Amino acid sequence: MEQLQKFRDKYKLNFPLVGDTSHAMLEAYGVWQEKLLYGQKHMGIVRTTYLIDGEGKITWIFPKVKVEGHAQEVLTALKS
């Protein structure tokens, strides 16, 4: 996806980004959920971070992520 490539380039990320326009992975991971915004229900992504090891095993789940402090939280988990 061109948008993801532009985002990756803008922030100089050194890893690939994957888009899920069909929502297959979002639904498999349980992050495509009904949300409530200003009293209106809609479907959307619940921010969640998964740490996955080299064998494909989920080693850590951070549900309902808040941006502030999250990077440090992930780094701490990676070091443990």
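Structure notes:
- Packing-based exposure ordering (other Cβ within 10 Å, fewest first) of 70, 42: 42, 70
- Förster radius 41 Å - calculated FRET efficiency between residue 78 and residue 41 (Cβ-Cβ, nearest 0.05): 0.70
- Remark on the chain: ratio of C-alpha radius of gyration to 2.2 N^0.38 Å is 1.26.
Each reported figure results from applying straightforward, stated rules to the coordinates on display, with no laboratory input. Remember, predicted model here, so these are calculated numbers, not experimental data. Cβ sites come from the backbone with ideal geometry, for glycine too, and all protein chains shown count toward neighbours.
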